[in-house]
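Heads up: the structure comes next, in structure tokens.
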Amino acid sequence: MNYPALEVPYLGGGLLIAIISIVHVYVAHFAVGGALFLVLTEAKAYREKDQGMLEYVKGHSRFFVLLSLVFGALTGVGIWFIVGLVAPSATSQLINLFLWFWAMEYVPFFLELFAALIYYYGWDRLSPKMHLTVGWIYTGAAFASLVFINGILTFMLTPGDWPVTGNVWDAWLNPTAIPSAIMRSAVALAIAGLYGLLTSTRIRGEELRTKMIRYSAQWLWPAMVGLPLGGIWYFSQVPEPAVSQATGGAAAVTIFLFTSLALSALIFTFAYLGPYRDPKRFSFTLAVLFVLLGLFVTGTSEWVREAIRKPWVIYGVMYSNSLRPGDLPEINRVGILNSAKWARPVPAIPGSDPKTHRIAVGREVFRLECEPCHAVVGYNGIKDLVRGWNEEFTFEQLEHLDILKGFMPPFAGTEAERRALASYLASLNPKARR
């Protein structure tokens, strides 16, 4: 409310953030699991004196470096660029609170960057022992970066004691930080294993191909333990309304959650029966299917994590439209248009139709309160959501919005602004029954 925000037509700001974030999540987790995959597989190759396996690792290190460090860094910057434009108030809160944690995270990030480059260029230039040491530094730095960011992300759903104490350590070491770190680590290993399955099917030598397929399948086993245990712990710590949304309160969230769980079980079951038990018959086509299912599960899980936080962007602290609960009484008294620093003036034109002016005022109220989550037309488009609603019905719904739809914040503003918003929403479908 205190900053200008980017308006994203059709997609909406929330979906744009989600698209970039989920792509980055794939890459970031792959960077962590992939680094460990490289160094452990290299160590295995030295231990077993398997030159073919060593060449396999060497051939894939360049791809890891390019994907995780170049593309991963770009998408990471892209997230905060678009979040800063779409949700500037929440971004400001996070930066002010976690400034030093982000500064500390740059240490492992740059260490990961340089270690990965040395690891890639160190093939045939460093001794095996030194090369593995660089690989372990690369892996440790990647995991440390994940831990730093994980604490900030989990804070947004479970701020813990921070609202009372104001202590940044209470914010970062919040109730879901450890279970989330366990789940993210398990996902990172599983994604590395799925990548290993995909690339192993392209190995020409039958013996090495069979060996690497079975080996890669074993990288999914930690996720079979870490995900359910971490998930149970995680959901035991999130607020009850968030759990309710995931278990029936919001149909779409529930469907995505149980789809994610079902597909995870399917991947683990067929990974055991297929590539682990019968690696010779495991094909590239099946590997592609495994990877796509794994990416879908990761994406839907991230979507569920974000969805159960609604109507908050920081749970109990700031609503998804950047309003704070403590500010609502004053906003309800003076109006949202008089409170928002970046509200566009909507002057009445002498002699014009009062309803036309009221609709214009409602459009501005919509921009301030609703547009962070809703496009007019497109994803989560408000036009389709209020189709068939007349102005009086809409006016009454807005008064009890947070009760009728628990994942939406309450309306903030005067009765006249609520009437204006109702007029604007009703005008989107002019054929609706009056």
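The values are calculated or read from the model by the stated rules, or taken from the named source; none is laboratory data. Small disclaimer: the values here were computed from a predicted structure and weren't measured. Every residue, glycine as well, gets a Cβ built from its backbone with ideal geometry; the counts of neighbours run over all protein chains shown. Keep in mind that these areas ignore ligands, DNA and RNA; they rest on the heavy atoms of the full protein, side chains included. Shrake-Rupley method; radii C 1.70, N 1.55, O 1.52, S 1.80 Å.
Have a look at Pro372, Pro329, Pro345, Pro410 and point out the one that is without any contact (Cβ under 8 Å) to a residue 12 or more places away in the chain and not in a helix (DSSP H, G or I).
Working: Pro372 fails: without any contact (Cβ under 8 Å) to a residue 12 or more places away in the chain; Pro329 fails: not in a helix (DSSP H, G or I); Pro410 fails: without any contact (Cβ under 8 Å) to a residue 12 or more places away in the chain.
Criteria check complete, one pass: Pro345.
Taking the condition small (Gly, Ala, Ser) and either more than 29 Å from Tyr195 (Cβ to Cβ) or without any contact (Cβ under 8 Å) to a residue 12 or more places away in the chain (or both), does Gly249 pass?
Numbers: small (Gly, Ala, Ser): yes; either more than 29 Å from Tyr195 (Cβ to Cβ) or without any contact (Cβ under 8 Å) to a residue 12 or more places away in the chain (or both): yes.
Yes; evaluated as a whole, the condition is true for this residue.
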Problem set entry | Given (1) of a type in the set (A, V, I, L, M); (2) at pLDDT below 85; (3) surrounded by 16 or more Cβ atoms within 10 Å (Cβ to Cβ), number of the condition Ala31 does not satisfy | (2)
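Say we look at region 34-49 and pick out the residues that are in contact (Cβ under 8 Å) with a residue 24 or more places away in the chain and open to solvent by 20 Å² or more (accessible area, probe 1.4 Å); which of these is farthest from Ile20 (Cα to Cα)?
Going residue by residue through region 34-49, those that are in contact (Cβ under 8 Å) with a residue 24 or more places away in the chain are 34-39, 41-44, 46.
With the extra rule that they be open to solvent by 20 Å² or more (accessible area, probe 1.4 Å), the set shrinks to 36, 43-44, 46.
Numbers: Leu36: 25, Ala43: 35, Lys44: 36, Tyr46: 39 Å.
Selected residue: Tyr46.
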Problem set entry | In region 62-82, residue nearest to Leu94 (Cα to Cα) [restricted to those that are open to solvent by less than 30 Å² (accessible area, probe 1.4 Å) and touching a Gly at 6+ places or on another chain (Cβ under 9 Å)] | Ile82
Exercise. Using beta carbons and a limit of 6 Å, which pairs, at least six apart or on different chains, have the first residue in region 1-25 and more than 14 Å from Leu153 (Cβ to Cβ) and the second one of a type in the set (Phe, Trp, Tyr)?
Worked result: Pro4/Trp342; Leu11/Tyr379; Gly12/Tyr379; Leu15/Tyr379
Exercise. Of these, Ala186, Ala116, Ala177, which one is touching a Ser or Thr at 6+ places or on another chain (Cβ under 8 Å), in contact (Cβ under 8 Å) with a residue 24 or more places away in the chain and under 18 Å from Leu40 (Cβ atoms)?
Worked result: Ala116
Exercise. Can you pull out the residues in region 310-366 that are among the hydroxyl-bearing types (Ser, Thr, Tyr), open to solvent by 50 Å² or more (accessible area, probe 1.4 Å) and touching a strand residue (DSSP E or B) at 6+ places or on another chain (Cβ under 8 Å)?
Worked result: none
Exercise. So which residues in region 274-295 are more than 13 Å from Ile203 (Cα to Cα) and either assigned to a loop (DSSP other than H, G, I, E, B) or of a type outside the set (A, V, I, L, M, F, W, C) (or both)?
Worked result: Gly274, Pro275, Tyr276, Arg277, Asp278, Arg281, Thr285, Gly294
Exercise. If we scan region 235-246, do we find a residue that is in contact (Cβ under 8 Å) with a residue 12 or more places away in the chain, open to solvent by 30 Å² or more (accessible area, probe 1.4 Å) and β-branched (Val, Ile, Thr)?
Worked result: yes
For this session: Could you list all residues from region 375-389 that are open to solvent by less than 60 Å² (accessible area, probe 1.4 Å), within 19 Å of Ala420 (Cβ to Cβ) and not in a loop (DSSP other than H, G, I, E, B)?
Result: Ile382
Exercise. Given the conditions (1) in contact with a helix residue (DSSP H, G or I) (Cβ under 9 Å, 6 or more places away or on another chain); (2) in contact (Cβ under 8 Å) with a residue 12 or more places away in the chain; (3) open to solvent by less than 30 Å² (accessible area, probe 1.4 Å); (4) assigned to a helix (DSSP H, G or I), and given that Ser89 satisfies all but one, which numbered condition is not satisfied?
Worked result: (1)
For this session: Tell me, please, whether a residue that is crowded, with 19+ Cβ neighbours inside 10 Å and among the polar types (S, T, N, Q) can be found in region 274-289.
Result: no
